[in-house]
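The values are calculated or read from the model by the stated rules, or taken from the named source; none is laboratory data. Note that the coordinates shown come from a computational prediction; the quantities given were computed from them, not determined experimentally. Here the Cβ positions follow ideal geometry from the backbone for every residue, glycine too, while neighbour counts run over all protein chains shown. These accessible areas exclude ligands, DNA and RNA; they are computed on the full protein's heavy atoms, side chains included. Shrake-Rupley method; radii C 1.70, N 1.55, O 1.52, S 1.80 Å.
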Amino acid sequence: MKKHIIITSLISLFILALSVVACKKEESLTTTTENANCSGNTGSGFQGNVIIVGSGASGLAAAKKLEEEGISYQILEATDKFGGRIQKDSTFADFPIDIGAEWIHEDKAILNYLINQPGTEPNVETILYQPLNVQQVVGNVISEIPTQDMIDYYANYITEYKFKNTTWYDFIDQNFAQNIEQNIIYNSKVTTIDYSGNQVVLSTDNGTEYLADKVILTVSVGVLKSNAITFNPSLPSEKITAIQDVEYLPGFKLFMKFSDQFYPDVITCETSVGEKTYYDVAYGKGAQDHVLGLLSTGISSEEYYLLGNSNTIVDTVLQELDGYYNGLASQYYLGSYIYEDWGQQTFTQGTWTSDFQAASADLIAPLDDKVYFAGETYNSSGISPVDGFYIIRGSVQSAILSAYEVVDQILE
C-alpha cells in the first residue's frame, strides 16, 4: 500500500498433474501454428484450451488455477525467465534482495489466503515492517519525523510485512511456478492477437502462431500503452482510452552496499509526481551487510535518467547523501550496486499502477469473451475488502486474485 510519509514498493503470484506437455502442430493453419497444451479437460463445463500471455504473478496464478481444473493451457513469456516484476538477487548481500516487488502490503496471513491454506501463520518467516527511525527531505532540508508520529501512523494506517530470509520470487516459485513451469514457452514475445475468428490466433516475434479458445493477457499497462501488441479487430476506442488514462510511472530501484550504516531506516523525499524513498534494505533481517535502497518513480526517475547511465546516477546519489550526512556516504561506500530499471525495460516499461486508482469497466472488459485481461489492468476498485483483507491494486496479491477471478469467468 502506498504510504504518505514512508516507503512504498513495487508492486512495487497448485496441483493436478499435467495432462500433456507437448503440443501438436495445427495443420489447418501453417506448419508454425501450434495448439496450447492439447490434452482433454476435466471438472469444468469449459472444454477448450487457454493461452496465458506473460508469466508474472497473475500469469502464474492463472496457470495454477487452470492446472487444478484440468484445463489445457500454455504460457507465452517474452523473456527467458518467469516472475515479471518479481525478481531477486541472491549474490549481492548476505540476504536475498527483492529487486522488484518487495512488500507484502497486508497482514502476513494473506500469504496463506493466496494459496488456499488455513491459518494465519504462513509457512515462511516474515518481519513486521514498522520502522520508527524515519527522516524526511523537503526541498534540500532533511529532518527527523518524531517517533510518536510514526507509532501513531502505524496504529492508525496499516500493518505491513516483508519476507525475512526469502523473497516474493521464492514465494511464487515454490507455490506456483514449480508446478507449471513446463508449460511456459520462453522467449516468445506476442506481437499480434487476432480474435476475429472462432479461435484466437496469437503470433510471436519468432514467426510462430498459436491457437486458443481463450486468452488471458497479463502484460503490464506499459506494454499496452506502447501498442507493442497489435489486435485484430483493433481495441475498442473506450478500452484504448481507459488504458491511456491509467497512471503508470517510470522508475527504478537502486541498491548500494556500505561498510557501515550511517543512514536511518527510511528517508522519504518530497516530490510532485511519483516517489523518491531511501530505505534500509536489511531492516529486520538480522544481516551483517549494510544495503541502502533507493526507490525512484515519476519525476525523480526522469531526472536521474537524464544523467545518462547507472554509474552517473550512483555518483549523483552519493553526492546527495553526502550533503545530508557530512560525506559519510562516499566514505563508507563499497563501490558495489544493483540498478534495476523497470521504467526502461522493454517488457515492463514502468513500475506499477496507482494504488488508489480504480480500474474502469472498459479497462477490465474482455474482448468478445475471448481475450481476458488480468493483473494490474483488472481490479474494479482501488482498495477492496476480500474475506477480511484489503486488496491493494498494483500489489502482488491483487495480481494473483485477479487471475483467479478471470479464470472463474472463463470456466462459468
| said: Among the residues that make up the range 200-216, is at least one of them of a type in the set (D, E, K, R) and within 18 Å of the chain's Cα centre (by Cα)? | reply: no
| query | Out of (1) within 25 Å of Ser395 (Cβ to Cβ); (2) touching a Ser or Thr at 6+ places or on another chain (Cβ under 9 Å), the odd one out for Tyr332 is which? | reply | (1)
| message | Just checking, does the range 215-226 include any residue being part of a loop (DSSP other than H, G, I, E, B), at pLDDT 95 or above and touching a helix residue (DSSP H, G or I) at 6+ places or on another chain (Cβ under 6 Å)? | response | yes
| query | Can you name the residue in the range 162-182 that is in a helix (DSSP H, G or I), touching a strand residue (DSSP E or B) at 6+ places or on another chain (Cβ under 8 Å) and of a type outside the set (A, V, I, L, M) and is also least open to solvent (accessible area, probe 1.4 Å) among such residues? | reply | Trp168
| query | Taking the range 63-79, which residues are within 16 Å of Gln178 (Cβ to Cβ) and among the aliphatic types (A, V, I, L, M)? | reply | Ala63, Leu66, Ile75
| remark: Of Tyr325, Tyr248, Tyr337, the only residue that is out of contact with any strand residue (DSSP E or B) (no Cβ under 7 Å at 6 or more places or on another chain), among the aromatic types (Phe, Trp, Tyr) and open to solvent by 20 Å² or more (accessible area, probe 1.4 Å) is Tyr325
| note | The residue that is nearest to Lys239 (Cα to Cα), considering only those in the range 373-398 that are modelled with pLDDT under 80 and of a type in the set (Val, Ile, Thr), is Thr377
| note | Taking first residues from the range 189-206 that are outside any strand (DSSP E or B) and second residues anywhere that are loosely packed, with under 15 Cβ neighbours inside 10 Å and charged (D, E, K, R), the pairs with Cβ under 6 Å that are 6 or more apart or on different chains are Lys189/Asp205; Tyr195/Asp368
| field | Within the range 34-52, tally of residues that are modelled with pLDDT of 95 or more and in contact with a helix residue (DSSP H, G or I) (Cβ under 7 Å, 6 or more places away or on another chain) | value | 2
| Based on what the data block shows, is Glu67 modelled with pLDDT under 95 and either touching a helix residue (DSSP H, G or I) at 6+ places or on another chain (Cβ under 9 Å) or on the phi > 0 side of the Ramachandran plot (or both)? | no
| With respect to Gly274, is the statement that it is farther than 30 Å from Gln199 by Cβ, of a type outside the set (Ser, Thr, Tyr) and touching a helix residue (DSSP H, G or I) at 6+ places or on another chain (Cβ under 8 Å) true? | yes
| message | I'd like to check something: does the range 188-196 contain any residue that is charged (D, E, K, R) and farther than 27 Å from Thr297 by Cα? | response | yes
